[in-house]
Amino acid sequence: MAILVLSKCCGLRPLPASMRFRSKPRLPAAPHVSFVSGGGRQILAGGFLRDWALRVSAPAMPVIVEQKEGEEVIGAQKEEFDPGMPPPFGLAEIRAAIPKHCWVKNSWRSMSYVVRDVAVVFGLAATAAYINSWVVWPLYWAAQGTMFWALFVLGHDCGHGSFSNNLKLNSVVGHILHSSILVPYHGWRISHRTHHQNHGHVEKDESWHPLSENIYRRLDSITRMLRFALPFPMLAFPIYLWGRSPGKSGSHFNPESDLFVPNERKDVITSTACWIAMASLLAGLTWLMGPLKMFQLYAVPYGIFVMWLDLVTYLHHHGHEEKLPWYRGKEWTYLRGGLTTLDRDFGWINNIHHDIGTHVIHHLFPQIPHYHLVEATMAAKPVLGKYYREPDKSGPLPFHLFHDLSRSLKQDHFVSDSGDIVYYEKDPELSSSSHKSK
C-alpha cells in the first residue's frame, strides 16, 4: 500500500518510504503533555503542539490519503480547525492591518450621534403622547425601547474612551445618557472594563461568563429557571446591576463593592447620586402625569431596552453553532479570549444601535470609534482567518437570532470545574424539565 499526502498548495504526492507512518504513529516525548476534556473531545495542551504553529491564518490542516497501488483513493482523513488552538498571529499583526484613520476619534461626529438619538427619543415621546392611541403605543414601545438601547451604546463608547479624547466630555455625556436610562455610569464602566480585560476567562470574566459545574449544581430551581428559561434571562440586567452574577457578590451602586478599588469609590458615588437624581425625577413625573402615562412613556420602553441589552450582549459570547472555548490559567490570553467573541448582523438595527454587532474588533481594540468598526473588521479579517466567524446575514429585522438564543439556553449550562480549556456542557435534567413545562 502506498501512502499519499494531499496538500492544498502542492497537490497529491507520494510520501517517502523512510517517512511513512507506522500503524501506531509515535509522538516525540515532551516534557509536559496533558489532555483537557471539553464538550466530549480532548485537546492536547502544554508546550508540545504550540511549537508546530505556522505563520498562516489558521492551524495547518493536512489531508492524508491512503491508496493501494493502481487503485482509486479509498480513504481520507482531514484535520478540523480547532478554535481552542493558539492563533498563529498576534495583536500587533491585527493592529497593523487596520487603517490608521480608523483609530481617529472625532468628538463632533460623536456628538452628532448623541443629538440625533436624543432628538428621536423626544420626538417619539411627544408624538405618542399627542396621539395617545392603543394602536400607536405598541409601535412607540418597540421604537423607543430600541432608542434607549442606542443611547446606552453611545454611553458605552464614552466609558471606553472611544467617544472622544476629552475625558471630561466622555464623563459628562456618559453620565447624562446612562443616568437617563437608569444605568450607573461609572459603576457599569468599571465592571465593563473588567469584562474586556478578562474576556473568555471562566472565573475572571464579568459579563455572561459561564458557571462552573460546582456553582451550577448549587443553584436552586428558581435561580436556574431565571438563568436559562426565556424570557427571564432577557430581563437580567437590572438584577445584575444590583447583585452581579451567580457565584459573585457586589453591587454597581456600592462604592465598597468588590468590583472597585479604593481610588474609584468617588466615581461610583457620583454615578450613584446621578442615578438617584434620575429616579427622583421619574417619581416626580409619575406624580404629575399619573402612573399610567409614565408606564406608557418610560417603563415599557425601559423594559424593551433591557431586553435589547441582554439579547445583544449574550449573543456576542454565546450561541454559535459550534462550541467555542473558555479558558483558565496559562491557556488564557487577552487575544485568545477576545477571539471567542462573535459578530452579529442586526439588519436595519445595525445603524440605529451604532454597529455594536461588529463586536470582535471592538473587544480586541475598544478604543476604535463605533463608526470605524465595520471598516476595521473588513481590514482585519484576512489576518484573523478562521478565527473570525462570519455572522449569519439578517433580514430587515434580526428574527433569526432568536433561534441561536433558544438553542444556546437549552445547551450551554455549565463548564467543567477543572481544565484550562473548557467547553459548555448540557444538563439533560434541565433540558427535559423545560420541554415538560412546554
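Observations
- Between L235 and S280, the modelled labels are 2.9 nm apart [label points 7 Å from Cα along Cα→Cβ].
- Extension gain, R193 back to L139 (0.36 nm per residue minus Cα-Cα distance, nm): 16.0 nm
- Residues W287 and E390, FRET efficiency given R0 of 41 Å [Cβ-Cβ distance, rounded to 0.05]: 0.20
- Pairs from K204/K330; K323/K426; K100/K330; K100/K381 whose Cα-Cα separation, in the structure shown, is over 23 Å: K100/K330
- Averaging the Cα positions of each part gives two centres, and for the stretch 399-431 and the stretch 157-192 these lie 32 Å apart.
- The stretch between E322 and F402 holds 27.1 nm of extra length on full extension. This uses 0.36 nm per residue minus the Cα-Cα distance.
- With a 1.4 Å probe rolled over the protein heavy atoms of all chains, the accessible area of C102, C274 falls in the order C274, C102, largest first.
- Heavy-atom accessible area, probed at 1.4 angstrom with all protein chains present, ranks E213, E203, E321 as E321, E203, E213, highest first.
- To put it simply, the accessible area of the stretch 100-193 at a 1.4 Å probe is 71 percent carbon and sulfur.
- Reducing the stretch 120-152 and the stretch 306-373 to their Cα centroids gives an inter-centroid distance of 28 Å.
- With R₀ set to 30 Å, the beta-carbon distance separating W242 from S418 gives a calculated FRET efficiency near 0.40.
- In loop segments of the stretch 126-173 as defined by DSSP, the chymotrypsin sites (Phe, Trp or Tyr not before Pro) with at most 10 further C-beta atoms inside 10 Å of their C-beta are W134.
- Theoretical gain in end-to-end length, F295 to R109 [0.36 nm per residue, Cα-Cα removed]: 63.6 nm
- Solvent-accessible surface (1.4 angstrom probe) belonging to R265, in square angstrom, nearest 10: 80
The values are calculated or read from the model by the stated rules, or taken from the named source; none is laboratory data. Bear in mind the structure is a predicted one, so any value in this text is a computation, not a measurement. Here the Cβ is made from the backbone with ideal geometry for all residues, glycine too, and neighbour counts use every protein chain on show. Heads up: the accessible areas ignore ligands, DNA and RNA and are worked out on the full protein's heavy atoms, side chains in. Shrake-Rupley method; radii C 1.70, N 1.55, O 1.52, S 1.80 Å.
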